[in-house]
Amino acid sequence: MVKIKIITGSSRPGRFNIQPAKWIETITKSIPNSEVELLDLQEINLPFLDEAIPPAMGQYANLHTKAWAEKIAEADGFVFVTPEYNHSYSAILKNAIDYLFKEWNYKPVAFVSYGSMAGGTRAVEHLRAIAAEIKLYDLREQVMLPNYWGSLNEKGEYQFTEEQYTHAKGMLTSLIFWAEEMKVSRQKLD
């Protein structure tokens, strides 16, 4: 059994982000050998990075940092659900990532992105560079939701397509496979 954490990337009022995050959570629950938890950064509410010692040292002083470190350390893989703001990803997601170092190491990460015509791909490209620095292994597969507002019904609910579901299922199957493989490998590093 591997533990997958889905991390929201927006805290804006009326945010769309929670819809694809919950959708991915539901699909992940249907895949064998996985346990999933949605980590909503709006609820976690980390302040801007307030640790005096760099995260790579692993010497956290604040209770909120220790709680965040525990959540991330127990994970075997991640899905970042990210908007694209000004050709990049959100400040709240960057802040959450920057709090930690070792807890991210040697785990796979996949992405669900949304935005205008590019569907959040530029945000993901930036996240891939960050993933490399913190020793996350990013998967090629991702789910993109371009011009998402055009697929909202009259209640503001996104209407996911069968094709998007197929892409999501494939991405998650790959993520869970690599989470299992890397979990074994990480034990050799400890």
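Of the residues making up the stretch 160-174, those that are part of a helix (DSSP H, G or I) and either open to solvent by 60 Å² or more (accessible area, probe 1.4 Å) or of a type in the set (D, E, K, R) (or both) are GLU162, GLU163, TYR165, THR166, HIS167, LYS169, THR173. Residues in the stretch 139-159 that are under 24 Å from GLU35 (Cα atoms) and open to solvent by 60 Å² or more (accessible area, probe 1.4 Å): ARG140, GLU141, MET144. The C-beta contact set for the stretch 28-43 (first residue under 13 Å from VAL79 (Cα atoms), second residue among the aromatic types (Phe, Trp, Tyr) and open to solvent by less than 90 Å² (accessible area, probe 1.4 Å), distance under 7 angstrom, 6+ apart or interchain) is empty. The set of residues from the stretch 165-183 being hydrophobic (A, V, I, L, M, F, W, C) and in contact (Cβ under 8 Å) with a residue 60 or more places away in the chain comprises ALA168, MET171, LEU172, LEU175, ILE176, TRP178, ALA179, MET182.
Confirm whether MET117 is in contact with a helix residue (DSSP H, G or I) (Cβ under 9 Å, 6 or more places away or on another chain), of a type in the set (A, V, I, L, M, F, W, C) and free of Cβ contacts under 8 Å to residues at least 60 places away in the same chain. So MET117 does not fit the description; no.
Would you mind stating whether LYS102 is within 26 Å of ASP50 (Cα to Cα), charged (D, E, K, R) and touching a residue at least 60 places away in the same chain (Cβ under 8 Å)?
Taking the combined requirement at face value, the residue does not satisfy it.
Among the residues of the stretch 51-96, the one identified as of a type in the set (Lys, Arg), out of contact with any Asp or Glu (no Cβ under 9 Å at 6 or more places or on another chain) and under 26 Å from TRP178 (Cβ atoms) is LYS94.
When VAL143 is tested against (1) of a type outside the set (Asp, Glu); (2) in a helix (DSSP H, G or I); (3) in contact with a His (Cβ under 8 Å, 6 or more places away or on another chain), just one condition goes unmet, and that condition is (2). Could you look through the stretch 115-135, keep only residues that are under 13 Å from the mean Cα position of the chain (by Cα) and open to solvent by 10 Å² or more (accessible area, probe 1.4 Å), and pick out the one that is farthest from VAL79 (Cα to Cα)? Residue satisfying both the conditions and the ranking: ILE130. Within the stretch 5-46, if we keep just the residues that are of a type in the set (Ser, Thr, Tyr) and in a strand (DSSP E or B), the residue that is modelled with the lowest pLDDT turns out to be SER34. Screening the candidates ILE27, ILE4, ILE53 for the property of being aliphatic (A, V, I, L, M), farther than 17 Å from TYR114 by Cβ and surrounded by 16 or more Cβ atoms within 10 Å (Cβ to Cβ) yields one hit, ILE4. Report yes if PRO83 is at pLDDT 95 or above and either under 30 Å from TYR165 (Cβ atoms) or touching a Ser or Thr at 6+ places or on another chain (Cβ under 8 Å) (or both), otherwise no. The answer is yes for PRO83.
Within the stretch 75-114, restricting attention to residues that are of a type in the set (Ser, Thr, Tyr), in contact with a strand residue (DSSP E or B) (Cβ under 9 Å, 6 or more places away or on another chain) and assigned to a loop (DSSP other than H, G, I, E, B), the residue that is least open to solvent (accessible area, probe 1.4 Å) is SER90.
The values are calculated or read from the model by the stated rules, or taken from the named source; none is laboratory data. These figures come from a predicted structure and were not determined experimentally. Note that each Cβ is placed from the backbone with ideal geometry, even for glycine, and that neighbours are counted across all protein chains shown. Ligands, DNA and RNA are stripped out before the accessible areas are found, and what is left, the full protein with its side chains, is counted by its heavy atoms. Shrake-Rupley method; radii C 1.70, N 1.55, O 1.52, S 1.80 Å.
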